[in-house]
Amino acid sequence: MDRKGLIIGATGLVGGLIVRELLENPAYSEVKVLTRTSLGIRHPKLTEHVISWAELEQSAHVFEGVHDLYCALGTTIKKAGSQDRFRLVDLEYPLQAARLARQAGVVQMLAVSSAGANPRSRIFYSRTKGEAEEALAEVGLPALHLFRPSLILGERSDRRVGERAAAALMKLTSPIWNGRLSAYRAIPAAFIAKAMVRIALAGAGGVHVYPNEVIHALGSDLTQ
């Protein structure tokens with residue numbers, strides 16, 4: 001099948017796993033990435049476009065011929081340095097990419113959001129994620145799939161001591177994260193990547209939101 005995928009946020013934990021999933025999936029003939037730094041890998045299906053996010057408009061041609069846009073862009077307020085910078089990475093860049101995708105005729109966008117995303121939340125992080133979801137839905141792509149994972153498990157290139165401590169605690173207490181609490185159970189990054197690809201290949205139109213427990217179900221049964 002001549003299917004082309006484009007990933008933004010490919011140097012991150014989930015984004016890197018999405019790249020791997022697409023390269024290994026025979027449904028995709030070409031995998032493109034928009035990135036600030038090279039992934040450092042070679043593959044006949046992989047095409048890298050090293051860019052400056054501040055000049056994303058100049059890369060509009062990269063979206064041509066793409067069927068699926070995967071967005072795994074994200075940061076932390078600590079790493080971003082300010083709330084304004086956080087919004088730029090987690091809201092403005094994905095939104096700009098979605099608009100370029102619509103102009104280029106991209107069929108669907110699959111984006112990593114967060115559990116608790118709510119545009120009316122008092123928590124800045126959750127509010128920004130919710131605002132991003134609303135803004136992406138307003139772009140008008142034929143299909144938009146929003147994934148809301150809880151704490152993401154996996155080896156990151158950057159040190160996030162607080163997240164690692166929380167992840168270790170959640171692993172130790174995993175039996176209690178069922179029922180109502182399943183929405184907040186820590187989830188392996190690989191589950192998210194696999195779930196996103198599975199949903200992309202299903203081809204459903206419209207706007208869909210996948211909570212943490214659904215991502216677990218979609219991603220975990222593919223790893224058995």
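The values are calculated or read from the model by the stated rules, or taken from the named source; none is laboratory data. This one's a predicted model, so the numbers in the text were calculated from it and none came from an experiment. All Cβ positions, even for glycine, are placed from backbone atoms using ideal geometry, and neighbour counts span all protein chains on display. Ligands, DNA and RNA are excluded from the accessible area calculation, which covers all protein heavy atoms including side chains. Shrake-Rupley method; radii C 1.70, N 1.55, O 1.52, S 1.80 Å.
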Does any residue of segment 205-219 turn out to be at negative phi, assigned to a helix (DSSP H, G or I) and modelled with pLDDT under 85?
-> no
Residue list for segment 74-84, restricted to those being in contact with a Lys or Arg (Cβ under 9 Å, 6 or more places away or on another chain), in a helix (DSSP H, G or I) and either at pLDDT 95 or above or not charged (D, E, K, R) (or both) = 77, 80
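Looking at this structure, is residue 103 touching a residue at least 40 places away in the same chain (Cβ under 8 Å) and either touching a Lys or Arg at 6+ places or on another chain (Cβ under 9 Å) or under 24 Å from residue 39 (Cα atoms) (or both)? Explain how you work it out, then say what you get.
On the way: touching a residue at least 40 places away in the same chain (Cβ under 8 Å): yes; either touching a Lys or Arg at 6+ places or on another chain (Cβ under 9 Å) or under 24 Å from residue 39 (Cα atoms) (or both): no.
For residue 103, the condition - touching a residue at least 40 places away in the same chain (Cβ under 8 Å) and either touching a Lys or Arg at 6+ places or on another chain (Cβ under 9 Å) or under 24 Å from residue 39 (Cα atoms) (or both) - is not met.
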Answer residue from segment 46-68, given it is part of a loop (DSSP other than H, G, I, E, B) and open to solvent by 40 Å² or more (accessible area, probe 1.4 Å) and is farthest from residue 108 (Cα to Cα) among those | 52
Taking segment 85-116 and keeping residues in contact with a His (Cβ under 6 Å, 6 or more places away or on another chain) and not in a strand (DSSP E or B) leaves 107
Residue pairs within 8 Å by beta carbon, gap of at least six or interchain, first lying in segment 38-51 and more than 12 Å from residue 10 (Cα to Cα), second assigned to a loop (DSSP other than H, G, I, E, B) and of a type in the set (D, E, K, R), listed first then second, are 51/36
Which residues, counting only those in segment 117-140, are within 12 Å of residue 95 (Cα to Cα), open to solvent by 30 Å² or more (accessible area, probe 1.4 Å) and in a helix (DSSP H, G or I)?
-> 131, 134, 137, 138
